[in-house]
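Accompanying notes for the structure given below.
Bear in mind that the values in this text are calculations on the coordinates, not laboratory data. Worth saying up front: this structure is predicted, and the values here are computed from it rather than measured. Reconstructed Cβ throughout: ideal geometry from the backbone, glycine too, with neighbour counts over all protein chains shown.
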Amino acid sequence: MLNASILVPAHSELPIPVSCVERGRWAYRSPQFGSSGSSSHSKLRRMMHGHATESYRSSGKPSSKQGEVWSEVDRKLGETCSMSPTSQLEQAYEDTRSTMDDIVNGLRPPEGTCGVVFAYGGKIVGFDLFDRPETLTKLWTKLVRAYAVDAYYERQAEVTPVPRSVVAEWMSGAPTAKEEVFKSPGLGDDVRLESPTLVGACLIAEGTPVHVEVFAGGPAA
């Protein structure tokens, strides 16, 4: 999985910053680049965001702590009671697909929407914003499934839904967050955001935000 959102120039080759989420496989299955059809779950995304920010500060590159990534993959596989001989994160999605399909199919982005806030367990968890509605529509199923696979296993009784006013108040803190600008491995800059209530990243190319990801909660201690 990618350590950070990047924009690759057309007709070019570029080393991309990735982390392994299948510890036991050391050979490629195909010479062609492809997608598994799922996104990493929200807890792993949040963790790797912190890794990448730390690495940008120390080395100028968005690297991860591979051992911690594998530990989180193992935790998720255990949580979903998934068995994978190669410790493949995708197995957790395969084993929960029938359950998650009802949740994923029941949610659709409103027409013209570029972003979405995710909340479960009575609390805001994260936010994704893209350059145009078509991008969100294309990635919608991946995002919903990734948050749903965390939400399902953290179910709590009598949870109060998060009202729109609380979401608006939380998002209003984003413009006041501390900003650190780093050169992205691809086109543009990777702007890291940090405040007492959120952390996030914004890939900006030619003055336009391509992808903004924000997670609830301040920086890790």
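Out of HIS11, HIS211, HIS49, any idea which swings most in a Gaussian network model of the chain, alpha carbons joined below 10 Å?
Greatest mean-square fluctuation among the candidates belongs to HIS11.
Could you pull out which residues in the stretch 189-221 have an amide N less than 20 Å from a spot 7 Å beyond the Cα of VAL159, following the Cα-Cβ vector?
198-199, 214-218
Ranked highest first by average number of other Cβ atoms within 10 Å, how do 173-180, 14-21 line up? Intermediate results must be reported in sequence, preceding the final value.
Working: 173-180: 12.9, 14-21: 14.6.
The packing order, highest mean first, is 14-21, 173-180.
What percent does the relative contact order of the stretch 42-216 come to when contacts are Cα pairs within less than 8 Å and at least six residues apart?
RCO, the stretch 42-216: 18 percent.
Give me the dipole magnitude in Debye, nearest 20, for the stretch 42-216 about the Cα centre, with unit charges on the beta carbon: positive for Lys and Arg, negative for Asp and Glu.
Numbers: 20 positive and 25 negative charges, 26 e Å.
Charge dipole, the stretch 42-216, about its Cα centre: 120 debye, nearest 20.
Let me check I've understood the local charge: for LEU7, count other residues with C-beta under 12 angstrom from its C-beta, Lys and Arg +1, Asp and Glu -1. What total comes out? Write out the running numbers ahead of the final one.
Numbers: positive: none; negative: ASP131, ASP189, ASP190, GLU206.
Surrounding charge for LEU7 is -4.
Provide the FRET efficiency to the nearest 0.05 for the ALA168-ASP101 pair, computing r from the beta carbons and using R0 = 35 Å.
Details: r = 31 Å, r/R0 = 0.88.
With a Förster radius of 35 Å, E is 0.70.
Work from the charge dipole of the chain (Cβ charges, +1 for Lys and Arg, -1 for Asp and Glu, about the Cα centre) and give the residue of VAL149, CYS114, GLY207 farthest towards its positive end.
VAL149
Report the number of Lys pairs in the stretch 17-165 whose alpha-carbons are under 18 Å apart, with separation of 8 or more residues or on distinct chains.
Working: LYS43/LYS65; LYS43/LYS76; LYS43/LYS123; LYS43/LYS142; LYS65/LYS76; LYS76/LYS142.
Summing the qualifying lysine pairs gives 6.
Compare ARG45, ARG97, ARG164 in a GNM of the chain, Cα atoms joined below 10 Å, and give the one with the largest fluctuation.
Residue with maximal mean-square fluctuation among ARG45, ARG97, ARG164: ARG164.
Looking at the chain from every direction and averaging, what is the projected area of its Cα convex hull in nm²?
Numbers: hull surface 53.7 nm².
Computed as one quarter of the Cα hull surface, the answer is 13.4 nm².
Can you check what the net charge comes to around ASP131, using other residues whose Cβ is under 14 Å from the Cβ of ASP131 (Lys, Arg +1; Asp, Glu -1)? Before the final figure, lay out each step's value.
Working: positive: ARG132, LYS138; negative: ASP128, GLU134, GLU206, GLU213.
With Lys, Arg at +1 and Asp, Glu at -1, the net is -2.
Summing -39500 (n - 2.57) over the DSSP H runs of n ≥ 4 in the chain and dividing by its residue number, what mean residue ellipticity at 222 nm do you reach, to the nearest 500 deg cm²/dmol? Spell out each step's value before the answer.
Details: 6 runs with 74 residues, N = 221.
Theoretical 222 nm ellipticity from helices: -10500 deg cm²/dmol.
Among SER172, SER184, PRO219, which residue has its Cα furthest toward the positive end of the charge dipole of the stretch 91-221, with +1 on Lys/Arg Cβ and -1 on Asp/Glu Cβ?
Result: SER172.
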